[in-house]
Amino acid sequence: MVVTVAFLLLSFLQTVKIANSQSFIGINYGQVADNLPPPSSTAKLLQSTSIQKVRLYGSDPAIIKALANTGIGIVIGTANGDIPGLASDPNFAKSWINTNVLPFYPASNIILITVGNEVMTSNDQNLINKLLPAMQNLQNALNDASLGGKIKVSTVHSMGVLKQSQPPSSGSFDPSYGDLMKGLLEFNSANGSPFAINPYPYFAYRSDTRPETLAFCLFQPNAGRIDGNTKIKYMNMFDAQVDAVYSALNSMGFKNVEIVVAETGWPYKGDDNDVGPSIENAKAYNGNLISHLRSMVGTPLMPGKSVDTYLFALYDEDLKPGPGSERSSGLFKTDLTMVYDGGLSTSNQVRTKFTCISLVFRVFNSQVFYS
C-alpha cells in the first residue's frame, strides 16, 4: 500500500509539472474603451496571474512592447478591413509584417497572427473570398523573414460555421462554405496553424434557459447529456462544443489540425432583460473552466490534454456597442483589482497544488501508520 501511495504522489507531481509547462490559459485584451490602464501596468498584472497568453484584436505597438521579455505568448490580429489589401498586394502583407512583427520579435513573444475575426459568418462575400489569399500572403511574408516556422497564421471563426453541433459526434461545417472552408483547413494543415473558434456556452443557455441547462453550461452538477451515436455522456457544454468542432474537422479529413478556443466567457452584468449575466454565473463559468483546463482531462474525443483557451476578457470595454453584456465581461477592473476571483492568481494555483499534495501525504501517513 505504501508503494501504491508513493506512486500516486509521484504521478501527481508529474501532473503538476506538466500543467506548469503547458501554457493553455490565455485571455482576450480588447481595447474598445476609453479608461484602460497603461500597457505597462497591464503587463505587471498579467505576470501576477497564471495567464500565459494574450490575444489582441489588433497590433497595438505599446502593448506588444510592454509584454517584451515577459515570456507571455502574444496573438496579434489584422482588421477585417485590411483583408482585401493583404489579399491583393503581397507588398502590403510584407509591410504589415515589417511594421507589426519585426520591430518587436523575439523580445515580444508573438506566436500567432489572426487574419480578421469571424469573417466566414460576416455575410460579406468579398471578405470571405479574400480571406485565404490574405492569409497566404502573410504566411509568405513571414517565410521571407525566416519566421514561417515560428509565428503561425490563422483566422478566428464563430460557432456559426457549423451546420450541426448536436450531438457532438455529428458536428459538421455548413456545406454552403464548400471549397472555401476546405481551403482554409488545407492552409492550417500545411502550415501547422490552429483552427481558432469562439465557443460560448453562455449563448447556448440564452436559447434554453432551463435550470439544468445552466448547470450544464457552468460545469455544475447535472445529469449530463448522452451522445446517441457514441454513447458518451457529456457533463458540460464547453466539452460538447469543442468536440463538435473536432468532429467537423474529422469529417473533412483534418482531425490533426489543432483547435484553439480564441474566445469564451460569461458576462457578469447585462441589461434588465438579459438572461444569464451575473457575478455568480460568471465566476462559476470561468472558475470551473479554468479548473477543468488545469485538470488536463481534456474532452471525451480529445482526452488527456487541454486546448489553448483564451478567456473573454481582461477588462470591460465601455465603448462597445450592443447590449450591456457586451461591455461587462472583464475579469479585472481598470484599477487592476479583480471583478471576482476566477482562480487566475498565482496564489490560487499554488494553494491548489499544496492542498492536493497535503492530501496525498495524509493518505500516505495514514497508510504507514495502519500498515
**Asked** Checking Asn273 against (1) crowded, with 24+ Cβ neighbours inside 10 Å; (2) modelled with pLDDT under 95, which test does it fail?
**Response** (1)
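Looking only at helices (runs of 4 or more DSSP H) that fall completely inside segment 59-145, which ones have 1 or more residues that are of a type in the set (Gly, Ala, Ser) and closer than 28 Å to Leu46 by Cβ? First the steps, then the outcome.
On the way: elements: 61-66, 83-88, 90-100, 125-144.
Where helices (runs of 4 or more DSSP H) fall fully within segment 59-145 and carry at least 1 residues being of a type in the set (Gly, Ala, Ser) and closer than 28 Å to Leu46 by Cβ, they are 61-66.
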**Asked** Restricting segment 23-48 to residues that are of a type in the set (S, T, N, Q) and buried (at least 21 other Cβ atoms within 10 Å of the Cβ), which is nearest to the chain's Cα centre (by Cα)?
**Response** Asn28
**Cross-chain or 6+ apart pairs with Cβ under 7 Å, segment 33-46 first and modelled with pLDDT of 95 or more, then assigned to a helix (DSSP H, G or I)** = Pro39/Ala62; Pro39/Ile63; Pro39/Ala66; Ser40/Ala66; Thr42/Ala66; Ala43/Ala66
**Prompt:** Looking at (1) within 23 Å of the chain's Cα centre (by Cα); (2) in contact (Cβ under 8 Å) with a residue 60 or more places away in the chain, can you tell me which one Thr230 breaks?
**Reply:** (1)
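Quick test for you: out of Ala215, Ala223, pick the one residue that is surrounded by fewer than 22 Cβ atoms within 10 Å (Cβ to Cβ), assigned to a helix (DSSP H, G or I), modelled with pLDDT of 95 or more and small (Gly, Ala, Ser).
Selected residue: Ala215, the only one of Ala215, Ala223 that is surrounded by fewer than 22 Cβ atoms within 10 Å (Cβ to Cβ), assigned to a helix (DSSP H, G or I), modelled with pLDDT of 95 or more and small (Gly, Ala, Ser).
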**Asked** When only residues in segment 260-281 that are in a helix (DSSP H, G or I) and either in contact with a helix residue (DSSP H, G or I) (Cβ under 9 Å, 6 or more places away or on another chain) or without any contact (Cβ under 8 Å) to a residue 24 or more places away in the chain (or both) count, which is nearest to Pro211 (Cα to Cα)?
**Response** Asn281
**Request:** Out of Leu289, Leu319, Leu336, report the one residue that is of a type outside the set (Val, Ile, Thr) and in a helix (DSSP H, G or I).
**Result:** Leu289
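The values are calculated or read from the model by the stated rules, or taken from the named source; none is laboratory data. A quick note: this is a predicted structure, and the numbers were derived from the prediction, not measured. Positions of Cβ are generated from backbone atoms using ideal geometry, with glycine treated the same way; all protein chains shown enter the neighbour counts.
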